[in-house]
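Below is one structure; the comments refer to it alone.
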Number of protein chains: 2
Amino acid sequence: MTEHLVVIGADAAGMSAASQARRRRGADDLRITAFERGHFSSYSACGIPYWVGGQVADRDSLIARTPEEHRARGIDLRMRTEVTRIDLDRRRVHSRDVDTGESSWTGFDQLVIATGAEPLRPDDLPGFNAPGVHGVQTLDDGAALLATLDRECHRAVVVGGGYIGVEMAEAMVQRGLTVTMVHRSPEPMSTLDPDMGRLVREAMTGMGIEVVSGAEAREVRLGPDGHPRAVVTTAGEYPADVVVLGLGVRPRTALARAAGLPLGESGGLRTDAEMRVPGVDGVWAGGDCVEVLNRVSGRHQHIALGTHANKHGLVIGTNIGGGKASFPGVVGTAVSKVCSLEIARTGLLEREATAAGLDWTAAVIESTSRAGYYPGAAPMTVKMLAEQGTGRLLGLQIVGREGAAKRVDIGAVALTAGMTVDQVVSLDLGYAPPFSPVWDPVQVAARKIASRAASA
Amino acid sequence: MTEHLVVIGADAAGMSAASQARRRRGADDLRITAFERGHFSSYSACGIPYWVGGQVADRDSLIARTPEEHRARGIDLRMRTEVTRIDLDRRRVHSRDVDTGESSWTGFDQLVIATGAEPLRPDDLPGFNAPGVHGVQTLDDGAALLATLDRECHRAVVVGGGYIGVEMAEAMVQRGLTVTMVHRSPEPMSTLDPDMGRLVREAMTGMGIEVVSGAEAREVRLGPDGHPRAVVTTAGEYPADVVVLGLGVRPRTALARAAGLPLGESGGLRTDAEMRVPGVDGVWAGGDCVEVLNRVSGRHQHIALGTHANKHGLVIGTNIGGGKASFPGVVGTAVSKVCSLEIARTGLLEREATAAGLDWTAAVIESTSRAGYYPGAAPMTVKMLAEQGTGRLLGLQIVGREGAAKRVDIGAVALTAGMTVDQVVSLDLGYAPPFSPVWDPVQVAARKIASRAASA
């Protein structure tokens, strides 16, 4: 008998799951229906800042697979169709055509919830709903922002100093605007420790970006045309023709919550390692709407990243397809870029290590991306955290230029393996003068911390 | 009572050992004497190709620490002094001043043998001893080659297609010479599988380097001035004003052999994990004169690399200094560059996996260094080997452009941890469009091989 798989959300997690299930089970065996309320399927939201910044000329190049391509592979993808209710008792979903308003019920045997995340918007503050105030979560958001930028825009204020804020600050610089970034924390990139975030602020300031730290936006002051003139903050008022929001996201789980599915403290759906939603047979969830296990802290958290979403989709699709796969959790890796500055982290920050009840120590070193004498050798700051007594690696943060960010993978793999900093010192990493000093910067940090961390 | 540490060889391993021991034990507690037959201490031999190529303008920038700097730290460094005999019974070494011929005996409590490697030279073939035929093992070699290049040189023939040959081919291109590289194997870079070496050959050919594979040099034909005119090979004759040798190296262990110390099959000194030479108290060895354990194959091999030498020195110096350190072995990581091409490997090649008695499978994939839509995304070919049945990762090879080589570190850490390819697929690696596709190329390869490797 043919099973019916229903997928809610046609981006990374949902369509990876659908595609992988289809690869393993033919249409006779598995019927697949996917619902997407937006205009686009399987696109790189992570690429939006570069499209807006002009490095990526063409919106369509952000689309990995169009609805037509999915349909050609035997997936009944219904665009602009919003699922409004999940009925777990009768195993069916209710959907509504966004344009026509027509609605219907669709039964399922297997259900994949991949509803993604939604940007945090301070909609209760005056002016934040005006035209010219833009989130950058979807391709539609990006198109709207580009339409605003086609007007006469000279000054941009970016609200929020996380990776989206930082990437959007770069995008505005790329477009020739004068850019102010306003954010709440003492230093930008609160995904880093403040001493590393300070390096990001200094570099951004050096690029001509005005960084206003420790400030909260209160109002977007509008002109007579209803468009922004300035952003009013607790630290003063900053002129703005366009306002970009990078305040982070939260899991979009209203639908799941209404169906009575289990949510974690972060508001994300809980799943087991196979990406099943516990307590209900044949219900799966993945991507930005779930929370994931952090293998270093042992805690669950919400991390919206396309790379996790793709892995979730692969795991779900493999399992629905009759295989066996699991997602063992994350170690907290994230990389980003602002102009020529590369920013990376994995594992735990100081505050995260403390919150996890760990007795930690930290070391910071300066090194270079290549042998010091090799042309183009660029400075790099590396911070490492280790557990006192055991010497277990806990975290790695890197801020530098070319060649800095992806070095964090060394730490990501070492954290996954539960290595000590002594073991990191001994690693057989790639060395040649164009690529690294004879001790890789990550190992220089490990050497510094190794003796200290070994003694309790 | 003051102990006396004698070090033979003042480059990476020897002087790292001396410096680390000195850091831990003052001059009252440990006297340190080091002998070096050459003109330089603690320099980057790996940097010589870039000095010759002109990317590094200044010889002295390759010197990490001068003899004077070592002496200022309380190390009695005797330059141009060759140790000619090790007398283990009476615990003393015999040394000779290279310039004056004066000789003497020096007693030791602890002895570090760090005599390095010597280049393979076909000195029995006609013409290979002529001026204008250059090895590139030492700074003196580099200076001699540069002196030749100051003559009117238009054509270079590089003999040998390993990483030194490839790097020297680039150096000659950088200097504007017409370059032919002649080597014995079917493809250059026999540290890669031939299918990956082919990519190196094609790229080098595309850069205008003539690559002659499967050929052996027979003679350097000399002109009336005694300088090269051509290199005669089994595949024909190639005009040459200068000849560069990149035929590899062997451990320089004549001294150790004469003293009756244990050598492995590779001719390198055997050591335990603490870098002690077994059977004799207080004798240590490290760097290019020892053989190391390959943790993937379980076999010992000779690998001349500055990064290992520095680690050996740190381990030896820590242990002599009263600490506890060990060198757990290598996984066979090596990276190199020819012009804009990056070349990397770790773990085992096909033939090495077969020689180790492993039942392996391989996958090759094409991916890009950045998200496909991001400017500068460059193609990258990744080959992965895994063990049949267990899915254990066995090896990783990468050939590509910017951002390719250091990705091999992912494999190096995963091999050290004994991960399976399934575990590699799940790794939380850094992702952002400027740095990686949403699946890192290494994970794309792991995905391809994962299902295959899992079934015996």
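Laboratory data are not the source of any read-out in this text; all were calculated from the coordinates shown. Since the model is a prediction, treat every value here as computed from it, not as a measurement. Here Cβ is always computed from backbone atoms with ideal geometry, including for glycine, and neighbour counts include all displayed protein chains.
Which of the helices in chain B meet the span-like rule: DSSP H, Cα axial reach of 30 Å or more, Kyte-Doolittle mean at least 1.6?
Helices meeting the span and hydropathy rule in chain B: none at all.
With +1 on each Lys and Arg Cβ and -1 on each Asp and Glu Cβ, how big is the dipole of region B:342-454 about its Cα centre, in debye rounded to the nearest 20?
160
In nm to one decimal, list the spacings between the A:ALA143 label point and its equivalents in the other copies, with label points set 7 Å along Cα to Cβ, shortest first.
Counterpart label points of A:ALA143 in the remaining copies fall at 6.9 nm.
Net charge around B:ARG401, counting only other residues with Cβ within less than 15 Å of its Cβ (Lys, Arg = +1; Asp, Glu = -1)?
Numbers: positive: A:LYS406, B:LYS337, B:ARG370, B:LYS406, B:ARG407; negative: A:GLU402, B:GLU170, B:GLU202, B:GLU342, B:GLU366, B:GLU402.
The answer is -1.
Calculate log10 I(q)/I(0) of region A:343-454 for q = 0.09, 0.14, 0.22 Å⁻¹, where I(q) comes from the Debye formula with a single equal point scatterer on each Cα and nothing for solvent.
Computed log10 I(q)/I(0) values: -0.20, -0.49, -1.14.
Other chains' Cβ within 10 Å of B:330-337 residues: what's the mean?
What the average comes to for B:330-337 is 4.
Against the 2.2 N^0.38 Å scaling, with N counting residues, where does region A:241-345 land? I'd like the Cα-based Rg ratio to two decimal places. Each step should come with its number before you reach the end.
Numbers: Rg = 15.5 Å, N = 105, 2.2 N^0.38 = 12.9 Å.
Expressed relative to 2.2 N^0.38 Å, the Cα Rg reads 1.20.
Using a ≥ b ≥ c from the Cα gyration tensor of region A:248-301 (square roots of the eigenvalues), is it rounded, prolate or oblate, where a/c under 1.5 gives rounded and otherwise the larger of a/b and b/c decides, a/b for prolate?
The shape class here is oblate.
Mind sorting A:ILE164, B:ILE63, B:ILE86 by how few other Cβ atoms lie within 10 Å of their own Cβ, fewest first?
Starting with the residue having the fewest Cβ neighbours, the order is B:ILE63, B:ILE86, A:ILE164.
Once you sort the root eigenvalues of the Cα gyration tensor of chain A as a ≥ b ≥ c, which label holds: rounded (a/c under 1.5), prolate (a/b larger than b/c) or oblate (the other case)?
oblate
Which value in deg cm²/dmol, rounded to the nearest 500, describes the helix-derived mean residue ellipticity at 222 nm for chain B, given -39,500 (n - 2.57) per DSSP H run of n ≥ 4 and division by the residue count?
-7500 deg cm²/dmol
If R₀ is 35 angstrom, what is the calculated FRET efficiency for the pair B:ASP60 and A:GLN388, using the beta carbon separation as r and rounding to 0.05?
The calculated FRET efficiency here is 0.25.
Restricting to lysine pairs 8 or more places apart or on different chains, what number in the protein assembly as shown have Cα atoms under 13 Å apart?
Numbers: A:LYS337/A:LYS406; A:LYS383/A:LYS448; A:LYS406/B:LYS406; B:LYS337/B:LYS406; B:LYS383/B:LYS448.
Lysine pairs meeting both conditions in the protein assembly as shown amount to 5.
Calculate the dipole size of chain B relative to its Cα centre from +1 charges on Lys and Arg beta carbons and -1 charges on Asp and Glu beta carbons; express the result in debye to the nearest 20.
Dipole of chain B, to the nearest 20 debye: 720 debye.
May I ask you to report, in nm to one decimal and beginning with the shortest, the distances from A:PRO131 to the same position in the other copies, taking label points 7 Å along Cα-to-Cβ?
Once sorted, the set of distances for A:PRO131 reads 8.1 nm.
Can you tally the net charge around A:VAL182? Count Lys and Arg as +1, Asp and Glu as -1, for every other residue whose Cβ sits under 14 Å from the Cβ of A:VAL182.
For residues surrounding A:VAL182, the net value is 0.
Check which residues have an amide H placed less than 5 Å from B:VAL7's amide H, if you skip close sequence neighbours.
For B:VAL7, the qualifying residues are B:THR33, B:ALA34, B:PHE35, B:VAL112.
Taking B:GLY223 in one copy and the same position in all the others, each labelled 7 Å out along Cα→Cβ, what are the pairwise distances from the first, in nm, shortest first?
Copy-to-copy label distances for B:GLY223: 7.3 nm.
Shape of region A:184-276 from its Cα gyration tensor (a ≥ b ≥ c, root eigenvalues): rounded if a/c is under 1.5, otherwise prolate when a/b > b/c, or oblate? Provide the component values of the computation, followed by the final result.
Working: a/c = 3.28, a/b = 1.56, b/c = 2.11.
Since a/c reaches 1.5 but b/c is at least a/b, the shape of region A:184-276 is classed as oblate.
Give me, ordered by chain and number, the residues 5 or more places off A:PHE128 or on other chains with an amide H under 5 Å from its own placed amide H.
Answer set, sorted by chain and number: A:VAL220.
Tell me which of B:GLY411, B:GLY372, B:LEU394 sits at the most positive position along the dipole axis of region B:342-454, charges placed on C-beta atoms (Lys, Arg +1; Asp, Glu -1).
Working it through, the farthest residue towards the positive pole turns out to be B:GLY372.
Of A:SER19, B:GLY132, A:HIS39, which is farthest on the positive side of the dipole of the protein assembly as shown, counting Cα position, with +1 on Lys and Arg Cβ, -1 on Asp and Glu Cβ, and the Cα centre as origin?
Ranked along the dipole, the leading option is A:SER19.
Note down the magnitude of the dipole of the protein assembly as shown about its Cα centre, charges +1 on Lys and Arg C-beta and -1 on Asp and Glu C-beta and zero elsewhere, to the nearest 20 debye.
The dipole of the protein assembly as shown has a size of about 1060 debye.
Taking a temperature of 20 °C and a viscosity of 1.002 mPa s, what whole-number D in µm²/s does Stokes-Einstein yield for the protein assembly as shown with Rh from Kirkwood over alpha carbon pairs?
Stokes-Einstein gives a translational diffusion coefficient of 72 µm²/s.
With both bridge residues required to lie in the protein assembly as shown, what share of the DSSP beta bridges run antiparallel, to the nearest 5%? Can you show the working numbers first?
Values: 112 of 177 bridges.
Around 65 percent antiparallel, to the nearest 5.
Give me the inter-chain shielding for A:54-63: mean count of other chain Cβ atoms within 10 Å, whole number please.
Mean inter-chain Cβ contacts per residue within 10 Å come to 3.
For B:PRO67, what is the net charge nearby, where nearby means another residue's Cβ is under 14 Å from its Cβ and Lys, Arg count +1, Asp, Glu -1?
Residues close to B:PRO67 contribute a combined charge of 0.
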